[in-house]
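Below you'll find the structure, written out as structure tokens, and then a few comments.
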Amino acid sequence: MSGEQSPKRVAVIIGSTRSNRICDGIARWTVRAAQAESSLQYAFIDLAEVNLPFLDEPLKPAIGRYEHEHTRSWSRLVSSFDAFVLVFPQYNWGYPAPMKNALDFLYLEWHDKPVGVVTYGTRGGGTDAWGTSGSPHAGCRPERRTVYHRC
Ligand SMILES: Cc1cc2nc3c(=O)[nH]c(=O)nc-3n(C[C@H](O)[C@H](O)[C@H](O)COP(=O)(O)O)c2cc1C
């Protein structure tokens, strides 16, 4: 038995879907900073590419029985990661609707997995963006090292 474990996989979720967003640049910066101090394996999930509709499942996500292929595909993708870093701007003192929608679609896929947050904004610097949203979300486990950036 080798005892070697494959490195934990972390998804860095790009939470702004605007055409001229700065979120993707901040997500790349996040991965560079994280790689400098850990050997975890990072990959991006771009919510603009995932392109989910507004939540349209008839049953609540905690049941885990999905009617739509887009939900099953999102479920497979999220399930393939061990932890997440959510990167998103502050919009109107909260977090972006596509980010919440993507979280709301699933439940067990997030459950008890560590989640870090990198958030930013022009005024509040993102400090309210996550806190006002009533974390923990979908049973995930928020980490204490949240990064706020004023742009
Ligand atoms: C709809 C909207 C609401 C915003 N609300 C806030 C806010 O409440 N606080 C803040 O600091 N910045 C706010 N901003 C500024 C954004 O944080 C800033 O434009 C940021 O670059 C947006 O990120 P993005 O370019 O990755 O989409 C808002 C921007 C938009 C488009």
Would you mind ranking TYR120, TYR107 so that the residue whose beta carbon has the fewest other beta carbons within 10 Å leads the list?
TYR107, TYR120
Within the range 41-85, list the trypsin sites (Lys or Arg not before Pro) lying in a DSSP loop whose Cβ has at most 16 other Cβ atoms in a 10 Å radius.
ARG65
Those chymotrypsin sites (Phe, Trp or Tyr not before Pro) in the range 1-57 that DSSP places in a loop and that have at most 12 other beta carbons within 10 Å:
PHE54
At a Cα cut-off below 19 Å, give the lysines reachable from LYS100, other chains included and same-chain residues fewer than 8 away excluded.
LYS60, LYS113
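Values quoted throughout were computed directly from the atomic coordinates according to the rules given, and no laboratory measurement underlies them. Since this is a predicted model, take the numbers as computed values, not measurements. Please note: Cβ atoms are built from the backbone with ideal geometry, for glycine as well, and neighbour counts cover all protein chains shown.
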